[in-house]
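Worksheet: one structure, shown below.
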């Protein structure tokens, strides 16, 4: 089987946010947050980057910055559905065989992490790849807001097959726990299949979309990286992101 070699990065974005209204347009060091996210994706040097917009203001903002954006339906239930619609618009001839879904609220994202997400897709049989990092903060181990990925990574390995994802503290016993990072890469066939599936029983119970793929028998592998990208969800997070961008000189 030929593995994907022609990636496209799609960034889903919409204005609706209860904790931080108009979040994508929030200023961070002189640029809207969605522009900072687009810049980090461009810096990964993987090729085409497109923002999939649920609102015209986001599209205009990205185009004003010199980027590419497309309008999608405003009421998509998930980012996966939004990027799938965008893919049909920007690549109807199916040139791109791999789709990387980068969240639009990660303005400080390390471009190396985006590249790392592609590595698991080089293995035959992998449908979706994602990222994890080993949990070192004891509080995170029991925090239900920190999603844990269950995978067996042997010493010396950096990629493992994901067997489950949960908000609970799993697995039990001695050994590392892994913090799941919500950045995904799909083969084109896998994304097409995934968005056609009905929400899964475990997905609805855990409120974790990736369980839909596992319930349907799809294979997810995860690469282990050093750090968790800083996501912006609240005004406090925004203040931290501004300081991080300023300190990095971005």
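Coordinate-derived values only; no laboratory data. This is a predicted model, so every value here is computed, not measured. Backbone-built Cβ (ideal geometry, glycine too); neighbour counts: all protein chains shown.
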Quiz item: Which FRET efficiency value, to the nearest 0.05, is calculated for residue 201 and residue 134 with the Förster distance at 22 angstrom and r the Cβ-Cβ distance?
Solution: 0.15
Practice problem: Neighbouring Cβ atoms within 10 Å as the yardstick, rank 114, 159 fewest first. | Solution: 159, 114
Quiz item: In deg cm²/dmol and to the nearest 500, what is the mean residue ellipticity at 222 nm of the chain if only DSSP H runs of at least 4 residues count, each as -39500 (n - 2.57), divided by the residue total?
Solution: -8500 deg cm²/dmol
Practice problem: Return a whole-number percent for the relative contact order of the chain, with Cα pairs under 8 Å and 6 or more residues apart as the contact set. | Solution: 23 percent
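How much length is gained on full extension from residue 65 to residue 17, taking 0.36 nm per residue of separation minus their Cα-Cα distance?
Result for the pair: 15.0 nm of gain on full extension.
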Quiz item: For region 64-120, what does the equivalent ellipsoid look like in terms of its semi-axes, each the square root of 5 times an eigenvalue of the Cα gyration tensor, given largest first in whole Å?
Solution: 20, 16, 13
Quiz item: Where the Cα atoms of region 1-56 are projected onto their three principal axes, how long is each span, largest first, in whole Å?
Solution: 45, 22, 19
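Looking at region 110-228, what % of its DSSP beta bridges pair antiparallel, to the nearest 5? Numbers along the way, then the final one.
Details: 15 of 20 bridges.
So the antiparallel bridges in region 110-228 amount to around 75 percent.
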Quiz item: Can you give me the relative contact order of region 56-190 as a percent, contacts being Cα pairs under 8 Å and 6 or more apart?
Solution: 27 percent
Quiz item: Taking the convex hull of the alpha carbon atoms in region 110-228, what volume per residue do you get, in Å³?
Solution: 108 Å³
Quiz prompt | Rounded Å value of the spacing that divides the Cα centres of region 165-190 and region 30-44 | solution = 26 Å
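Order these by the 10 Å Cβ neighbour count, fewest first: 218, 33.
Lowest to highest Cβ neighbour count: 218, 33.
Only counting other Cβ atoms within 10 Å, I'd like 240, 49 sorted with the fewest neighbours first. Write down the numbers at each step before the final one.
Working: 240 13, 49 25.
Taking fewest neighbouring Cβ atoms as first place, the list is 240, 49.
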Quiz item: Using the alpha-carbon centroid of each, what span in Å lies between region 50-116 and region 213-250?
Solution: 16 Å
Self-check item: the chain: antiparallel DSSP beta bridges as a percent of all, rounded to 5
Solution: 55 percent
Practice problem: Send over the per residue convex hull volume for region 187-250, Cα only, as a whole number of Å³. | Solution: 153 Å³
Quiz item: For region 110-228, what is the relative contact order in percent, using Cα pairs closer than 8 Å and at least 6 residues apart in sequence?
Solution: 39 percent
Quiz item: Using only Cα atoms, what is the ratio of the radius of gyration of the chain to 2.2 N^0.38 Å?
Solution: 0.97
